[in-house]
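Asker: Structure provided below as structure tokens; questions to follow.
The values are calculated or read from the model by the stated rules, or taken from the named source; none is laboratory data. Keep in mind that this is a model prediction, so the values were computed, not measured. Cβ coordinates were reconstructed from backbone atoms using ideal geometry, including for glycine residues, and neighbour counts include every protein chain displayed. Quick note on the areas: whole protein, heavy atoms, side chains included, nothing else; ligands and nucleic acids left out. Shrake-Rupley method; radii C 1.70, N 1.55, O 1.52, S 1.80 Å.
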Amino acid sequence: MTAIQGDIQPIRLKPSVQQALGKHLLSCYPHEACGVLLGAAAAGGMLIDTYVPISNVAPDPLHAFVPQPREWIKALYNVPSPIGLFHSHPHSPPLPSAADLSGLTALGTEFQIYVIGSPGQGDNNVPNFGGYYIDRQFDINGRSSPRLIQAPIYALLK
Ligand SMILES: [Zn+2]
């Protein structure tokens, strides 16, 4: 399912996925957390039903994420294969950074969804999530220049 301008399908998280994402990002704090999302396009928008956390082996895990290669490869061979990438911004809102955008070219086309999580502010400790579709335009040389299109993201009610 692709996001068409003006008609962007929501990204929906199963409650267990929302909890797993929140738990992982808080347990990794102040480091960035990362992992992959499994799910499928469904009536009413993309439905994410599984989260697979991956260790972050970035040299500077406070400000970057690099999925642990062995865990990453294992996750890619998961059946069904992952459709989304998750990482956290422990110190900033869940908006894509310049590094996030340049990292999109390294992702296979099976990745359609990009989710960023941030810890809640103040007394409210509920994490915030930013959800995006990865939109790939191919130029005449067949090179893709992926960009992110923001989508509504919310957890399903139990
Ligand atoms: Zn980021």
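Asker: Taking region 2-110 as the region of interest, what is the percent of Cα-Cα pairs per 10 angstrom bin, listed from the shortest bin to the one with the maximum distance?
Answerer: Histogramming region 2-110 at 10 Å steps yields 14, 44, 36, 7, 0 percent.
Asker: Determine, from the Cβ-Cβ distance of residue 27 and residue 145 and an R0 of 25 Å, the FRET efficiency 1/(1 + (r/R0)^6), rounded to the nearest 0.05.
Answerer: So, using R0 = 25 Å, E works out to roughly 0.10.
Asker: Can you list the HN-Hα couplings for region 38-46, worked out from phi with the Karplus curve (6.51, -1.76, 1.60; θ = phi - 60°), rounded to whole Hz and with x for Gly and Pro?
Answerer: Using θ = phi - 60°, the values come out as 10, x, 7, 5, 9, 4, x, x, 5 Hz.
Asker: While we're looking at this one, here's another question. Roughly how many percent of the accessible protein surface of region 30-80 is carbon and sulfur, given a 1.4 Å probe and a whole-percent answer?
Answerer: 65 percent
Asker: With a 1.4 Å probe and every protein chain left in place, work out the accessible area per residue of region 11-155 in Å², rounded to a whole number. Each step should come with its number before you reach the end.
Answerer: On the way: 7410 Å² over 145 residues.
Accessible area per residue, region 11-155: 51 Å².
Asker: What residues qualify as long-range amide H neighbours of residue 155, i.e. H under 5 Å apart, gap of 5 or more or another chain, H built at 1.01 Å from N?
Answerer: Distant-sequence amide H within range of residue 155: 13.
Asker: Taking only DSSP H segments of four or more residues, each worth -39500 (n - 2.57), what value at 222 nm results for the chain once the sum is divided by all its residues, to the nearest 500 deg cm²/dmol?
Answerer: Calculated at 222 nm, the ellipticity per residue is -5000 deg cm²/dmol.
Asker: Residue by residue, what Karplus-based ³J(HN,Hα) values in Hz, rounded to whole numbers, does region 70-75 have, using 6.51, -1.76 and 1.60 with θ = phi - 60° and x for Gly and Pro?
Answerer: 5, 5, 5, 4, 4, 5
Asker: Per residue Cα convex hull volume for region 7-59, in cubic angstrom?
Answerer: Value for region 7-59: 92 Å³ per residue.
Asker: Only Lys, Arg, Asp and Glu count, each charged at its Cβ (+1, +1, -1, -1), so figure out the dipole size of region 11-155 about its Cα centre, rounded to 20 debye.
Answerer: 240 debye
Asker: Okay, moving on. Using Cα-Cα distances under 8 Å and only pairs 6 or more residues apart, what relative contact order does region 11-155 have, in percent?
Answerer: About 23 percent, as a whole number.
Asker: Still on this model: Return the percentage of antiparallel bridges among DSSP beta bridges fully within region 11-155, rounded to the nearest 5 %.
Answerer: Antiparallel bridges: around 70 percent, rounded to the nearest 5.
Asker: Here's another thing I want to ask about it. Can you work out ³J(HN,Hα) from phi for every residue in region 47-52, in order, using Karplus 6.51 cos²θ - 1.76 cosθ + 1.60 and θ = phi - 60°, giving whole Hz and x for Gly and Pro?
Answerer: Each residue of region 47-52 in turn: 10, 9, 10, 9, 10, 10 Hz.
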